[in-house]
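Remarks on the structure that follows.
The values are calculated or read from the model by the stated rules, or taken from the named source; none is laboratory data. Since this is a predicted model, take the numbers as computed values, not measurements. Here the Cβ is made from the backbone with ideal geometry for all residues, glycine too, and neighbour counts use every protein chain on show.
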């Protein structure tokens with residue numbers, strides 16, 4: 001292993017299995033605790049209603065059990081949907097408390113509606129007792145057990161030291177998040193700052209007590225600092241840094257094969273690797289794992305699938321090709337096929353093939369027709385474009401390896417030359433015949449104006465994800481939308 005790779009390595013398969021098992025067990029444990037808390041809350045609510053109000057309880061305790069189970073199932077469903085089982089840290093843990101209140105109040109409303117629809121005789125005051133005691137019980141249970149669950153889960157995660165570049169409010173917030181979320185496996189060990197006023201002191205995390213802190217260092221990032229602090233990841237607060245400084249940090253991370261993450265929505269991206277964009281308690285985090293290895297199994301399966309399906313479709317549509325070729329020749333003079341320069345994966349130019357749908361006098365790189373009766377489009381071309389049959393020759397591009405069946409749509413060279421670093425990420429994967437952008441209503445806009453579809457594909461890509469896009473494309477094409 002090279003010297004620069006000593007400080008960061010992907011978890012071994014055993015560690016990944018251990019972390020997955022830990023997630024399953026902690027989720028199951030949290031669900032069980034919530035279920036028990038609700039069961040006890042409902043039971044004590046009924047007892048409080050009977051004792052304090054001196055009412056006669058007219059139902060069996062079996063019906064109380066059924067009611068509490070219904071209550072628990074509703075709570076667990078909405079708690080899962082609201083992310084209460086992710087154990088994500090928030091500032092002073094206020095958001096978790098707010099979510100418990102929100103979900104439990106929703107449960108009360110749904111249970112009340114169910115009782116009304118079934119015409120059950122359940123006193124409303126008793127429901128309020130059950131709701132109040134259940135809410136208090138859930139809040140106490142989660143406060144007491146959250147840290148225990150997270151700490152246990154963190155033992156099954158590989159620990160990695162983090163250095164935070166910057167010492168502003170965003171830097172302090174990410175320090176608090178990482179410190180309070182040990183299950184993420186990230187341990188912030190220091191802040192780096194060029195400002196003299198921010199050096200020679202420590203920064204504390206946001207908390208009810210000053211318990212966690214890290215020193216502010218005035219030295220720049222260097223190989224010596226990485227070795228001394230055993231740094232495995234870098235987090236950068238963008239608020240006070242120039243574009244040149246951010247570019248230098250990206251180059252430094254590349255040279256030392258260390259993942260780097262940017263805090264803030266300035267949109268800095270490393271064009272040679274896709275970014276994992278996410279939110280941590282409201283902070284916009286753009287992460288670039290420069291040491292990421294390609295998924296060779298996915299690449300091989302994707303290529304084999306492309307060749308197999310493209311060859312099958314060529315054989316299946318061969319008679320259609322002959323009919324279309326004759327129609328194109330009869331509708332206007334000129335060749336059957338139209339070839340145009342496009343940019344493939346990693347910026348390699350290639351000639352994309354289409355059935356010609358416009359007159360030969362139309363500009364080769366003009367704007368794409370956006371009206372059905374554009375004067376540049378031939379009579380045959382109007383049908384070919386509407387049904388996407390004009391794209392069929394790209395199956396030959398797929399067989400030749402220029403394109404894939406699924407991926408970002410290939411752009412023209414003069415557009416790629418003006419790409420931003422974020423847009424350049426489209427070229428990290430094979431360009432495709434179909435994809436997210438083509439399925440959306442936004443296909444009427446230029447490709448580079450709707451980049452969010454391609455970025456989402458880069459984040460989610462996988463063999464079955466590609467197949468799912470092809471399935472949607474088949475339905476989309478059959479509808480003729």
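Annotations
- Test for residue 399: is it surrounded by 13 or more Cβ atoms within 10 Å (Cβ to Cβ) and either free of Cβ contacts under 8 Å to residues at least 40 places away in the same chain or closer than 24 Å to residue 451 by Cα (or both): no
Results for (1) assigned by TED's automatic domain parsing to the domain that holds residue 206; (2) more than 16 Å from residue 32 (Cα to Cα); (3) at pLDDT 90 or above, shown as yes or no for each residue.
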position: 93; (1), (2), (3): no, yes, no
position: 96; (1), (2), (3): no, yes, no
position: 103; (1), (2), (3): no, yes, yes
position: 114; (1), (2), (3): no, yes, no
position: 120; (1), (2), (3): no, yes, no
position: 131; (1), (2), (3): no, yes, yes
position: 142; (1), (2), (3): no, no, no
position: 147; (1), (2), (3): no, yes, no
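- The number of residues in the stretch 97-149 that are more than 23 Å from residue 52 (Cα to Cα) and not in a helix (DSSP H, G or I) comes to 2.
- Residue in the stretch 258-271 that is touching a helix residue (DSSP H, G or I) at 6+ places or on another chain (Cβ under 7 Å), modelled with pLDDT under 80 and on the phi > 0 side of the Ramachandran plot present: yes
- Sole exception among (1) touching a helix residue (DSSP H, G or I) at 6+ places or on another chain (Cβ under 9 Å); (2) surrounded by 15 or more Cβ atoms within 10 Å (Cβ to Cβ) for residue 347, by number: (2)
- Boolean, residue 18 is more than 19 Å from residue 131 (Cα to Cα), at pLDDT 80 or above and out of contact with any helix residue (DSSP H, G or I) (no Cβ under 9 Å at 6 or more places or on another chain): no
- Single residue of the stretch 286-303 satisfying the filter (at pLDDT below 85 and exposed (fewer than 11 other Cβ atoms within 10 Å of the Cβ)) that is farthest from residue 174 (Cα to Cα): 296
- Per-region count, the stretch 421-439, residues more than 20 Å from residue 468 (Cα to Cα) and part of a helix (DSSP H, G or I): 5
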